[in-house]
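Notes follow once the structure below has been shown.
All of the numbers you see were taken from the coordinates with simple rules; none came from a lab. If you're wondering where the values come from, they're calculated on a predicted model, not measured in any experiment. A quick note on method: Cβ atoms are made from the backbone with ideal geometry, for glycine too, and the neighbour counts reach across all protein chains shown.
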Amino acid sequence: MIISIELQPQIGAKMVTTEIESGTTLESLLEKYQADLPYRVMAASVNNRIEELTYAINEPCTVKFLDMRTNAADRIYQRSLCLVYLKAIDDVLGKVDTDIFNSLNRGLYTEINAKVPVTDEEIKRIEGRMREIVNADFPIRRTILDRTGLLKCLEAELSEEKSDLLRYAPDIHYIAICELEGYRNYFYGQMVPSSGYLRLFELRRYRDGILLRYPHPSSPGALPPYVDDAKLFEAFEEGRRIGNLFHLGFAGDLNREIENGKEKEIIQISERLHAAKIHMIADMIADANKRIILIAGPSSSGKTTFSKRLIEELKGRGADPLYLGTDDYFVERVDSPKDEFGENNYEDIDAIDLELFNDNINDLLSGRETILPTYNFISGKKEYVRKAQVKEGDPIVIEGIHALNSLMSERISDDEKFKIYISPLTQINLDDHNRIPTTDVRLIRRIIRDNRTRGHSVDMTIKAWPKVRRGEDVNIFPYNGEADVVFNSALIYELSVLRLHCEHLLSEVRPEDAEYGDACRLLDFLRFFRPVEDESNVPAESILREFIGN
């Protein structure tokens, strides 16, 4: 049987063909090529569908090996490492409840709910046990169970959160139970074949919990430098407290309430919390007498809607704010910096006319009438057709990806600045061990908006996403610590609304499309959420409306 293999461009090869026997596993096939690849392969795309390395090839196909630079392999590494982590906790501490909450400090924030706080010595023992498990290269076995068998298994062995997840998600019919040396658990998605694939990790005490840290996709061969994302931690904690207060910590809780007809109440609660937070931020700005309001966040965070709602709050306090988007300050297209592929890089700070921006802002602060640019995306040039003037004391609200970067406003007095970081920091998880990545929520939001407002197909948006993410890693995430406040734009109920808008779009991606694997993954993920059939309760001013319309 002849198959095609797409190798990494780093080794100078595009496609190779080889003959194999039917039933050959991807892991066996990989043995011939791994030494020539730059990083350890975690999975493979087989005819555009993501498969574990234990997958047996039984027909001609195209195989693409995936290392941690890809979203799929990165998730598989994290998921498999969590299994090893929980197994090690079970071996060291016995049966204790452990929660895996959210991404933080280039790792995962977790808490062990033992009767007494876990000591530093116990953390070292858990990490030591993890390294023993990795060095032993134990196999990770997955068993597919139907709904009936799975519910029996969950009720007998696993957590209430996992049982509720399946009980109130009727569209989930089959799930795999993972087993590692006698320890069994459910994880959503694929795993590596054995523990020996997970060589790079560390445990680090953080606040009341433990950070499980691993390599970043930008550099899979090493652990990233440690940076304390303290403000993000507080935002996640605030979201978790709210979820606990309303008993909505997991997807099963949300599905149960929707099944019981309480979606209107949940929507109202979520929206009131957003409104209260925006009101509080406006109070902070007014109390500090700040005039330059800088708003930044990653793609699909809801920056535009948030900015408008903040402006309305400031108007309610007697101010007359001016809104500016930094996209109007792009340099002329012919002067735009290039990325590694020779394409215009609009996400680099060098794509911004910093001198003009700083001149305009200082003129406005001085009360002078100023001619502001509007960037024409068709011609690739700035046009000067609008005049603006700001009265003394009135604020200027500025939104853009570089807003928190000090280079953006280096000639503007820091005494005038108030910085806001916005991102949908997920408030619920699937269960106690399966988190919902913020990046998935943002991608789903963007798929819907791109299709509705730009006519983009799903595969176009998914294809562009890795480039967007690389730009965020360079231009946005390193500066979130500069913010005076973090606004969490996630809504507890949103995935139940987004499902109806995204499900049919994802279903249109064809098996022959390179983005088919990611589309299948997102489609499978959304089916954990019971849909909100009537979205009329979502208010017109909701951040969610920026994506779903109306």
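For the stretch 230-548, what class follows from the C-alpha gyration tensor (a ≥ b ≥ c being the square roots of its eigenvalues): rounded when a/c is under 1.5, otherwise prolate if a/b is larger than b/c, else oblate?
It comes out oblate by the Cα gyration axes.
About the Cα centre, and with charges only on the beta carbon of Lys, Arg (+1) and Asp, Glu (-1), how big is the dipole of the chain? Nearest 20 debye, please.
The dipole of the chain has a size of about 260 debye.
May I ask you to compute the full-extension gain from Asn550 to Ala464, defined as 0.36 nm times their residue separation minus their alpha-carbon distance, rounded to one decimal in nm?
Difference between extended and current length: 28.4 nm.
For the stretch 438-508, what class follows from the C-alpha gyration tensor (a ≥ b ≥ c being the square roots of its eigenvalues): rounded when a/c is under 1.5, otherwise prolate if a/b is larger than b/c, else oblate? Spell out each step's value before the answer.
Values: a/c = 2.84, a/b = 1.46, b/c = 1.94.
Since a/c reaches 1.5 but b/c is at least a/b, the shape of the stretch 438-508 is classed as oblate.
Which distance in Å, rounded to a whole number, links the C-alpha centroids of the stretch 456-520 and the stretch 59-82?
The stretch 456-520 and the stretch 59-82 have Cα centres separated by 18 Å.
Under the definition of Cα pairs under 8 Å and six or more residues apart, what whole-number percent is the relative contact order of the chain? Spell out each step's value before the answer.
On the way: 977 pairs, mean separation 86.1, N = 550.
Answer for the chain is 16 percent.
Highest mean first, how do 332-343, 126-137, 424-435 rank when packing is the count of other Cβ atoms within 10 Å averaged over residues?
Ranked by mean Cβ neighbours within 10 Å, highest first: 424-435, 126-137, 332-343.
Once you place label points 7 Å from the Cα toward the Cβ at Asp335 and Glu312, how far apart are they in nm?
According to this spin-label approximation, the distance is 3.8 nm.
Say the dipole of the chain comes from +1 at the beta carbon of Lys and Arg and -1 at that of Asp and Glu; which of Tyr77, Phe246, Ser542 then lies farthest toward its positive end?
Going by the charge dipole, the pick is Phe246.
Could you tell me which of Leu324, Val486, Phe525 has its Cα farthest along the dipole of the chain towards the positive end, charges placed at Cβ (Lys, Arg +1; Asp, Glu -1), taken about the Cα centre?
Of the candidates, Phe525 comes out farthest on the positive side.
Name all residues of the stretch 66-106 having a backbone nitrogen under 12 Å from the label point set 7 Å from the Cα of Leu37 along its Cα→Cβ direction, giving them as ranges.
66-70, 73-74, by backbone N distance to the label point.
Under unit Cβ charges (Lys, Arg +1; Asp, Glu -1), what dipole magnitude, rounded to 20 debye, does the stretch 72-213 have relative to its Cα centre? Please report the intermediate quantities before stating the final value.
Values: 22 positive and 23 negative charges, 72 e Å.
Dipole about the Cα centre, nearest 20: 340 debye.
Can you give the net charge of the other residues whose Cβ lies under 13 Å from the Cβ of Tyr226, counting K and R as +1 and D and E as -1?
Once all neighbours under 13 Å are counted, the net charge is +1.
Once you put a point 7 Å from the Cα of Lys381 and another 7 Å from the Cα of Asp208, both along the Cβ direction, what distance in nm separates them?
6.0
Express in nm, to one decimal, how much length is gained between Glu533 and His247 on full extension, taking 0.36 nm for each residue of separation and deducting their alpha carbon distance.
So the chain would gain 100.8 nm between Glu533 and His247.
Note the angle between two axes, namely the Cα long axis of helix 147-157 and the longest principal axis of the Cα atoms of the chain, as a number of degrees from 0 to 90, rounded to the nearest 10.
Compared with the principal axis, the helix lies near 90 degrees.
Between Arg147 and Ala286, what's the calculated FRET efficiency when r is the beta-carbon distance and R0 is 41 Å? Round to 0.05.
The computed FRET efficiency comes out at 0.15.
Just to be sure I understand: of the beta bridges DSSP finds with both ends in the chain, what percent are antiparallel, rounded to 5?
Taking every DSSP beta bridge with both residues in the chain, the antiparallel ones total about 70 percent.
Between their Cα atoms, which of Lys315/Lys387; Lys87/Lys115; Lys290/Lys338; Lys277/Lys303; Lys315/Lys417 are more than 24 Å away from each other?
Among Lys315/Lys387; Lys87/Lys115; Lys290/Lys338; Lys277/Lys303; Lys315/Lys417, the Cα-Cα distance tops 24 Å for Lys290/Lys338.
With each pseudo-label sitting 7 Å past Cα toward Cβ, what's the Leu200-Val116 distance in nm, one decimal?
3.8
Please give the helix 438-449 orientation as an angle from the longest Cα principal axis of the chain, in degrees from 0 to 90, rounded to the nearest 10.
60
Under the rule a/c < 1.5 gives rounded, and otherwise a/b versus b/c splits prolate from oblate, where does the stretch 308-465 land using the Cα gyration tensor? Before the final figure, lay out the partial values.
Details: a/c = 2.01, a/b = 1.33, b/c = 1.52.
Oblate, since a/c reaches 1.5 and b/c is not below a/b.
Can you work out D for the chain in µm² s⁻¹ from Stokes-Einstein, where Rh is the Kirkwood radius over C-alpha pairs, the temperature is 10 °C and the viscosity is 1.306 mPa s?
Estimated diffusion coefficient is 63 µm²/s.
Calculate the dipole size of the stretch 230-548 relative to its Cα centre from +1 charges on Lys and Arg beta carbons and -1 charges on Asp and Glu beta carbons; express the result in debye to the nearest 20.
The calculation lands at about 520 debye.
Hey, what angle do you get for helix 71-93 against the long axis of the chain, alpha-carbon based, 0 to 90 degrees rounded to 10?
For helix 71-93, the angle is close to 60 degrees.
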